[in-house]
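First up is the structure itself, then whatever we jot down about it.
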Amino acid sequence: MFYNTDFLKNNEIYLKLYKTANANPEKNWVPAYYFKICLNTTDEEIGTCDLRIGHNKGLYYGGNIGYGVDEQYRGNHYAAKACKLLFQLARKHELQYLIITCNPDNYSSRKTCEYLGGILKEIIDLPKDNDMFLQGERQECIYEFIL
(Lines give C-alpha, C1' and ligand atoms only; values in the text may rest on other atoms or scores of the structure.)
Protein backbone atom coordinates (compact mmCIF):
# COMPACT_ATOMS: atom_id res chain seq x y z
CA MET A 1 0.00 0.00 0.00
CA PHE A 2 1.34 3.41 -0.96
CA TYR A 3 0.46 6.56 0.97
CA ASN A 4 -0.31 10.04 -0.28
CA THR A 5 2.98 11.94 -0.20
CA ASP A 6 1.78 15.56 -0.44
CA PHE A 7 3.03 16.20 3.12
CA LEU A 8 6.69 15.67 2.17
CA LYS A 9 7.78 19.29 2.24
CA ASN A 10 9.54 21.83 4.42
CA ASN A 11 10.29 25.54 4.12
CA GLU A 12 12.88 24.97 1.33
CA ILE A 13 12.06 21.82 -0.62
CA TYR A 14 9.31 19.38 -1.45
CA LEU A 15 9.40 15.85 -2.79
CA LYS A 16 7.42 15.32 -5.98
CA LEU A 17 6.42 11.70 -6.46
CA TYR A 18 7.04 10.54 -10.02
CA LYS A 19 6.58 6.79 -9.66
CA THR A 20 6.09 3.88 -7.31
CA ALA A 21 7.17 0.28 -7.73
CA ASN A 22 5.42 -2.73 -6.26
CA ALA A 23 7.34 -5.48 -4.53
CA ASN A 24 8.87 -8.13 -6.77
CA PRO A 25 9.48 -11.20 -4.60
CA GLU A 26 11.20 -13.09 -7.44
CA LYS A 27 13.91 -10.40 -7.55
CA ASN A 28 13.78 -9.85 -3.77
CA TRP A 29 12.68 -6.22 -4.30
CA VAL A 30 10.50 -4.37 -1.81
CA PRO A 31 7.95 -1.63 -2.64
CA ALA A 32 9.50 1.76 -3.40
CA TYR A 33 8.68 5.42 -3.89
CA TYR A 34 10.65 7.62 -6.32
CA PHE A 35 10.78 11.40 -6.00
CA LYS A 36 12.17 14.53 -7.58
CA ILE A 37 13.61 16.95 -5.01
CA CYS A 38 12.19 20.39 -5.87
CA LEU A 39 12.75 23.92 -4.61
CA ASN A 40 9.66 25.53 -3.10
CA THR A 41 10.41 28.95 -4.57
CA THR A 42 10.87 27.97 -8.22
CA ASP A 43 9.56 24.38 -8.51
CA GLU A 44 12.95 23.60 -10.03
CA GLU A 45 14.01 19.95 -9.82
CA ILE A 46 17.38 19.80 -8.08
CA GLY A 47 17.83 16.07 -7.52
CA THR A 48 16.18 12.75 -6.84
CA CYS A 49 15.58 10.45 -3.90
CA ASP A 50 13.81 7.20 -3.24
CA LEU A 51 12.53 5.18 -0.31
CA ARG A 52 12.45 1.40 -0.30
CA ILE A 53 9.96 -0.03 2.20
CA GLY A 54 11.09 -3.06 4.16
CA HIS A 55 14.25 -4.92 5.06
CA ASN A 56 16.13 -7.80 3.48
CA LYS A 57 19.70 -8.88 2.78
CA GLY A 58 19.92 -6.88 -0.44
CA LEU A 59 18.70 -3.70 1.24
CA TYR A 60 21.33 -4.09 3.93
CA TYR A 61 23.91 -3.47 1.20
CA GLY A 62 21.86 -1.07 -0.94
CA GLY A 63 19.95 0.81 1.75
CA ASN A 64 16.39 1.97 2.22
CA ILE A 65 17.11 5.46 0.88
CA GLY A 66 18.96 6.61 -2.19
CA TYR A 67 19.58 10.23 -3.14
CA GLY A 68 21.42 12.48 -5.52
CA VAL A 69 21.59 16.26 -5.75
CA ASP A 70 22.56 18.06 -8.94
CA GLU A 71 26.07 19.45 -8.71
CA GLN A 72 25.15 23.15 -8.72
CA TYR A 73 22.88 22.62 -5.67
CA ARG A 74 25.28 20.64 -3.51
CA GLY A 75 26.50 22.08 -0.21
CA ASN A 76 23.04 23.16 0.99
CA HIS A 77 22.12 19.95 2.88
CA TYR A 78 19.33 19.24 0.39
CA ALA A 79 20.05 15.49 0.50
CA ALA A 80 19.77 15.50 4.31
CA LYS A 81 16.60 17.59 4.17
CA ALA A 82 15.08 15.15 1.67
CA CYS A 83 16.06 12.21 3.89
CA LYS A 84 14.37 13.83 6.89
CA LEU A 85 11.18 14.04 4.85
CA LEU A 86 11.55 10.41 3.82
CA PHE A 87 11.97 9.44 7.49
CA GLN A 88 8.41 10.75 8.02
CA LEU A 89 7.09 8.50 5.26
CA ALA A 90 9.02 5.52 6.63
CA ARG A 91 7.37 6.07 10.02
CA LYS A 92 3.94 5.97 8.34
CA HIS A 93 4.94 2.52 7.09
CA GLU A 94 5.84 1.62 10.70
CA LEU A 95 9.51 1.02 9.96
CA GLN A 96 11.55 1.06 13.16
CA TYR A 97 14.87 1.80 11.48
CA LEU A 98 16.37 2.60 8.08
CA ILE A 99 19.66 1.78 6.43
CA ILE A 100 21.51 4.23 4.18
CA THR A 101 24.67 3.03 2.49
CA CYS A 102 27.43 4.75 0.56
CA ASN A 103 30.84 4.06 -0.87
CA PRO A 104 33.60 4.64 1.74
CA ASP A 105 35.21 7.20 -0.60
CA ASN A 106 31.98 9.21 -0.95
CA TYR A 107 32.78 11.72 1.78
CA SER A 108 29.78 13.93 0.95
CA SER A 109 27.35 11.08 1.53
CA ARG A 110 29.18 10.02 4.66
CA LYS A 111 28.86 13.58 5.98
CA THR A 112 25.16 13.57 5.10
CA CYS A 113 24.62 10.34 7.05
CA GLU A 114 26.54 11.69 10.04
CA TYR A 115 24.70 15.04 9.87
CA LEU A 116 21.42 13.08 10.02
CA GLY A 117 22.57 11.21 13.13
CA GLY A 118 23.21 7.87 11.49
CA ILE A 119 25.27 5.26 13.29
CA LEU A 120 28.05 3.72 11.21
CA LYS A 121 27.48 0.02 11.84
CA GLU A 122 30.31 -1.20 9.63
CA ILE A 123 32.23 -0.85 6.40
CA ILE A 124 31.55 -4.11 4.64
CA ASP A 125 32.98 -5.94 1.66
CA LEU A 126 30.19 -6.55 -0.84
CA PRO A 127 29.42 -10.16 -1.71
CA LYS A 128 30.61 -11.12 -5.18
CA ASP A 129 27.05 -11.91 -6.30
CA ASN A 130 25.72 -8.47 -5.26
CA ASP A 131 24.52 -6.18 -8.08
CA MET A 132 26.69 -3.31 -6.80
CA PHE A 133 29.75 -5.58 -6.78
CA LEU A 134 28.98 -6.59 -10.36
CA GLN A 135 28.89 -2.85 -11.24
CA GLY A 136 32.38 -2.31 -9.79
CA GLU A 137 31.69 -1.37 -6.15
CA ARG A 138 33.69 -3.29 -3.56
CA GLN A 139 32.71 -1.86 -0.16
CA GLU A 140 29.83 0.02 1.43
CA CYS A 141 29.46 2.03 4.61
CA ILE A 142 26.34 0.83 6.42
CA TYR A 143 24.59 3.58 8.42
CA GLU A 144 21.59 2.82 10.62
CA PHE A 145 18.93 5.35 11.58
CA ILE A 146 16.58 4.56 14.44
CA LEU A 147 13.16 6.05 13.78
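Which condition number does Lys92 fail, the rest of (1) closer than 20 Å to Leu17 by Cβ; (2) in contact with a strand residue (DSSP E or B) (Cβ under 6 Å, 6 or more places away or on another chain) being met?
Just one mismatch for Lys92, condition (2).
When the residues of the stretch 107-127 are narrowed to those that are polar (S, T, N, Q) and within 17 Å of Gly62 (Cβ to Cβ), which ends up surrounded by the most Cβ atoms within 10 Å (Cβ to Cβ)?
Thr112
Considering only residues that are touching a residue at least 40 places away in the same chain (Cβ under 8 Å) and among the hydroxyl-bearing types (Ser, Thr, Tyr), which ones fall in the stretch 25-66?
Scanning the stretch 25-66 gives Tyr33, Tyr60, Tyr61.
Can you tell me how many residues within the stretch 18-37 are under 16 Å from Gly62 (Cα atoms) and part of a loop (DSSP other than H, G, I, E, B)?
4
Would you mention how many residues in the stretch 1-17 are assigned to a loop (DSSP other than H, G, I, E, B) and buried (at least 17 other Cβ atoms within 10 Å of the Cβ)?
Of the residues in that region, 2 qualify.
Could you figure out which of (1) modelled with pLDDT under 95; (2) in contact with a Cys (Cβ under 9 Å, 6 or more places away or on another chain) isn't true of Glu44?
(1)
Please list, ordered by first then second residue, the pairs with beta carbon atoms under 9 Å, 6 or more apart or interchain, first in the stretch 1-21 and closer than 12 Å to Ala82 by Cβ and among the acidic types (Asp, Glu), second in a strand (DSSP E or B) and at pLDDT 95 or above.
Correct list of pairs: Glu12/Leu39.
Report yes if Gly47 is surrounded by 19 or more Cβ atoms within 10 Å (Cβ to Cβ) and farther than 17 Å from His93 by Cα, otherwise no.
It is true that Gly47 is surrounded by 19 or more Cβ atoms within 10 Å (Cβ to Cβ) and farther than 17 Å from His93 by Cα.
Can you pull out every residue in the stretch 56-74 that is surrounded by fewer than 14 Cβ atoms within 10 Å (Cβ to Cβ), at pLDDT 95 or above and not acidic (Asp, Glu)?
Across the stretch 56-74, the qualifying residue is only Gln72.
Within the stretch 122-130, is there a residue that is within 30 Å of Leu17 (Cβ to Cβ) and free of Cβ contacts under 8 Å to residues at least 60 places away in the same chain?
no
The values are calculated or read from the model by the stated rules, or taken from the named source; none is laboratory data. As the structure is a computational prediction, the values presented were derived from the model and not from experiment. When we count neighbours, we look across all protein chains shown, and the Cβ atoms used for this are built from the backbone with ideal geometry, even at glycine.
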